[in-house]
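Heads up: the structure comes next, in structure tokens.
Each value in this text was obtained by applying a stated rule to the coordinates, not by laboratory testing. The shown structure was predicted, so the numbers you read here are calculated from the model rather than taken from an experiment. FYI the Cβ positions are ideal-geometry reconstructions off the backbone, even for glycines, and counts take in every protein chain you see.
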Amino acid sequence: MKTSPVKPADLRGSVLAVPPMPRLPSGSINTQANALLLEHLRAGQVTTFMYGGNANFYNLGVAELGRVLDALAPLLADGDWLIPSVGADFGKAAEQVALLRERAFPTAMVLPLRFPASPAGVARGLGKLASIYGKPVIAYVKDEGYIDNADLAVLVQEGSVCAVKYAIVRPDPRHDPVLADLVQRMGPDLIISGIGERPVIDHFRSFGLRAFTSGSTCVAPALSNRIREALHAGDDATARATRELFLPLEDARDATSPIRILHAAVDLAGIAPTGPIGEFLSVIDDEAVLDKLRPIAMDLLARNEAALTRKRAAAL
């Protein structure tokens, strides 16, 4: 398990998976199902696991976070990197990072609080959390006006923030003045494209980003990794063709709920039983939605397995 300080090469060395967290009917973590999901990701060469919204870390208590991480840590292989999330409110985040001081994770992502919050207050809070933690944190920028870019760049420069997950959705991701300004202030190396496969090519080519998160990689990690490899190799044609395979699942997520649809898709594809989703969220129980989602998830998984088979055959 990675415990060393975060470097740009760590961010670009794997797709940053943002997985759901399978639970037992009681709501507690399902260790066996989580192991299956991590093995599936690892088989597709995805070895960084960022547990945040898709795993419903927003609603984990302080003690529960410790129990969850202590259950997940033994499932990691050498070279794996687990990024936990804390917050979203400052009080809970402060207690959670104090708890993380007892563990070897090199950073944690601070989940964004939309209300009540102000840009200057968020900047001050991120700095305080890093000070309490004794390690830098990852800032998660999901909404315009959440934090001023100038303050965020200062936090990076002083070592309080080691990376920024940028996830403001634009109609055309090629035109994003906030991202352009952020890149100008801090460079692209520590900014993560945080909205999955759909905008990643534009984020790489228009703004020079070199790393990206994905939830749908949990269904098709080998294909998501193919996009990563193609982008780093300058092969945009392969990246675009492969991205098309993800759009039906991404469309389904956008139409209903990115978190809840991904939770269901991992289960419907037969990768791992995901069970309940945790408090303040509920699983998809609309049979019409599930019936439409099932073939999408299974087709994407089948394409992933075919890609793995071809890659293994080519290596012989």
Extreme residue, positive dipole direction of the chain, given options Leu76, Ala98, Gly127 (C-beta unit charges): Leu76
Calculated [θ] (222 nm, deg cm²/dmol) that DSSP helices of n ≥ 4 give over the chain, each run adding -39,500 (n - 2.57): -15500 deg cm²/dmol
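Taking 8 Å as the Cα distance limit and 6 or more residues as the minimum spacing, I'd like the relative contact order of the stretch 8-315 as a percentage. Don't skip to the end; give the middle numbers.
Values: 535 pairs, mean separation 64.0, N = 308.
Worked out over the stretch 8-315, it gives 21 percent.
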At least 24 Å along the helix axis (C-alpha) and Kyte average at least -0.5, DSSP helices within the chain: 287-315
His175-Leu24 FRET efficiency (beta carbon distance; Förster radius 51 Å; 0.05 resolution): 0.70
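Excluding the sites themselves, what is the longest stretch of the chain that contains no GluC sites (Glu not before Pro) in a DSSP loop with at most 16 other C-beta atoms within 10 Å?
159-278
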For the stretch 152-198 and the stretch 14-91, distance of Cα centres in Å: 24 Å
Cβ-derived FRET efficiency at R0 25 Å, Ala302 paired with Ala255, nearest 0.05: 0.70
Correct choice for Kirkwood radius over Cα pairs in Å that was computed from the model, options (i) 20.4; (ii) 18.8; (iii) 19.6: (iii)
Subset of Lys92/Lys135; Lys165/Lys292; Lys7/Lys142; Lys165/Lys311; Lys142/Lys292 violating a 26 Å alpha-carbon distance limit: Lys165/Lys292; Lys165/Lys311; Lys142/Lys292
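Kirkwood hydrodynamic radius, the stretch 121-251, all distinct C-alpha pairs: what's the number in Å?
Every distinct Cα pair counted, the radius reaches 15.4 Å.
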